[in-house]
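Below: the structure, in structure tokens.
Read the figures in this text as sums done on the coordinates, not as results from a lab. Only a predicted model underlies this, so the values are computations on that prediction, with no experimental measurement involved. For neighbour counting, all protein chains shown are included, and Cβ atoms are generated from backbone atoms with ideal geometry for every residue, glycine included.
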Amino acid sequence: MPPKRSPPPPPSPPRRTLWAMYKGIEPRYRILLGMGFMGFSMLGLWVSDQLEEAFPPQADTRVTHISHQDVAAAERAQPPSALSASPAPSATAAGQRPRE
């Protein structure tokens, strides 16, 4: 007598997109879910404000913008001999930290 075969597995349900799953939720719970996300976002903003008050950021001393007038004024302030001599490329020009 041959061994009994198990019945074939039931067909899997069709795959749904995230939007289809969201639309399948009852409207009342979709509203609650949206309000929960907004509450979580508001809490995050509030916490970040509290942390910024408790630990104020240090002043940023980096130069973020130099105008053309500033460059021209700096070039005029240097003696002509300093402008004509081309120094060897430094480590900082290549994006590396200078050796100590």
Kindly provide the trypsin sites (Lys or Arg not before Pro) of region 3-36 that DSSP labels as loop, not H, G, I, E or B, and whose Cβ sees at most 16 other Cβ atoms within 10 Å. K4, R5, R15, R16
What Kirkwood Rh does region 10-65 have if only Cα atoms enter the pairwise 1/r average? Answer in Å. 15.7
